[in-house]
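S.K.: Just dropping this structure here.
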Amino acid sequence: MNCSPKDLVRVIDKDPVITVKVLRVVNSAYYSLSKQITSIDHAVVFLGFNTIKNLALSIAAIGMLPATPEAGFDGPQYLLHSLATAGIAKQLGQRVADADPHDCFIAGLLHDFGKVVVAQFMPLEFRKAREASLWHETSLGQALREVVGVDHAAIGAMLAEKWRFAPNLIATIGHQHEPHLLDTDLMACVFAANKISQKLGFDFGGGPVLEPLPPQIAKRLGGTLDEVMVSLGDLKPMLDEAKRFSTI
């Protein structure tokens, strides 16, 4: 998306639904701003052009939940998992040197978006993969690879590239289940946030086995999965926010 901040504000302002949702997220516990933001213009000033652009695109994308029941897609649970992962990733991003917390939030919000795309455009295949993952007690991503031939991470990365997201966001979404191929702070934050979200019960097809953090991620974040969770403190306000936003 090549446009000026004024062009971006004009586009978002023409969509009252997106405007309301962007402002709701900006004024939520996810961003913890000291001052209430009342317009997209102010949001751009406080959070920056790229953050608002990416947030608007992400909110528009996750609003594309499958409208037909054939896929058996659990929209509220998907939103809960995505929002919880985004919020946790942002908190983790505030403690590492080389990750932008806003990028962590966006990557966490969109990391599972490829599942929405499959459910929307290949509903029967999605249902088959979902049932296979439950029957064989494996992750939905692995089942999608077997049924569709590609998983949600690859689809999500292709879309992020089409939307002209930054290369680090594209790579993190694409390699979210292959952290050994992308040893970065952003990957560490999103990978760990996804696992913590699952452990807290905000899962969406992650599989029954919660594997420990890979050594390089544990090193970047300063501990095991349980230790990182403890270090985050009280997550209840942020998780309550995720529940309220599950109708985003």
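The values are calculated or read from the model by the stated rules, or taken from the named source; none is laboratory data. Keep in mind it's a predicted model, so treat the numbers as computed, not measured. Here Cβ is always computed from backbone atoms with ideal geometry, including for glycine, and neighbour counts include all displayed protein chains.
Yes/no matrix, rows are residues, columns are (1) touching a helix residue (DSSP H, G or I) at 6+ places or on another chain (Cβ under 6 Å); (2) farther than 21 Å from L65 by Cα:
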site: E161; (1), (2): yes, no
site: R164; (1), (2): no, yes
site: P167; (1), (2): no, yes
site: M187; (1), (2): yes, yes
site: A193; (1), (2): yes, yes
site: L221; (1), (2): yes, yes
site: D234; (1), (2): no, yes
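S.K.: Shifting gears a bit: With the stretch 1-110 as the region, which helices (runs of 4 or more DSSP H) entirely inside it contain at least 1 residues that are surrounded by 20 or more Cβ atoms within 10 Å (Cβ to Cβ) and aromatic (F, W, Y)?
M.R.: Of the helices (runs of 4 or more DSSP H) lying wholly inside the stretch 1-110, those with at least 1 residues that are surrounded by 20 or more Cβ atoms within 10 Å (Cβ to Cβ) and aromatic (F, W, Y) span 75-93, 101-110.
S.K.: Is it the case that some residue within the stretch 126-134 is closer than 17 Å to H111 by Cβ, modelled with pLDDT of 90 or more and not hydrophobic (A, V, I, L, M, F, W, C)?
M.R.: For the stretch 126-134, residues closer than 17 Å to H111 by Cβ, modelled with pLDDT of 90 or more and not hydrophobic (A, V, I, L, M, F, W, C): absent.
S.K.: Before we move on, is A154 touching a residue at least 24 places away in the same chain (Cβ under 8 Å), surrounded by fewer than 21 Cβ atoms within 10 Å (Cβ to Cβ) and of a type outside the set (S, T, Y)?
M.R.: yes
S.K.: What's the total number of residues in the stretch 195-209 that are surrounded by fewer than 20 Cβ atoms within 10 Å (Cβ to Cβ) and among the basic types (K, R)?
M.R.: Qualifying residue count for the region: 1.
S.K.: Now for a different question. (1) surrounded by fewer than 23 Cβ atoms within 10 Å (Cβ to Cβ); (2) out of contact with any Phe, Trp or Tyr (no Cβ under 9 Å at 6 or more places or on another chain); (3) under 27 Å from M122 (Cα atoms): which one isn't true of P212, the others all being true?
M.R.: Among (1) surrounded by fewer than 23 Cβ atoms within 10 Å (Cβ to Cβ); (2) out of contact with any Phe, Trp or Tyr (no Cβ under 9 Å at 6 or more places or on another chain); (3) under 27 Å from M122 (Cα atoms), the lone unmet condition for P212 is (3).
S.K.: Considering only the stretch 213-239, state which residues are free of Cβ contacts under 8 Å to residues at least 60 places away in the same chain and among the charged types (D, E, K, R).
M.R.: K219, D226, E227, D234, K236
S.K.: If you don't mind, there's one more thing I want to ask. Considering each of G108, G149, G114 in turn, give the residue that is within 25 Å of T68 (Cα to Cα) and within 15 Å of the chain's Cα centre (by Cα).
M.R.: It is G114.
S.K.: Got a number for residues in the stretch 204-225 being farther than 15 Å from A89 by Cα and assigned to a helix (DSSP H, G or I)?
M.R.: 3
S.K.: Any residue in the stretch 118-133 that is of a type in the set (S, T, N, Q) sitting within a Cβ distance under 8 Å of a residue that is in a helix (DSSP H, G or I)? List the pairs, counting only those 6 or more apart or interchain.
M.R.: Matching pairs, first to second residue: Q120/A71; S133/L140; S133/Q142; S133/A143.
S.K.: For the stretch 165-194, which residues satisfy the criterion of being among the β-branched types (V, I, T) and surrounded by fewer than 24 Cβ atoms within 10 Å (Cβ to Cβ)?
M.R.: I170, T184
S.K.: Something else about it: What tally of residues in the stretch 76-117 results from selecting those that are over 22 Å from G201 (Cα atoms) and in contact (Cβ under 8 Å) with a residue 40 or more places away in the chain?
M.R.: Looking only at that region, the number is 9.
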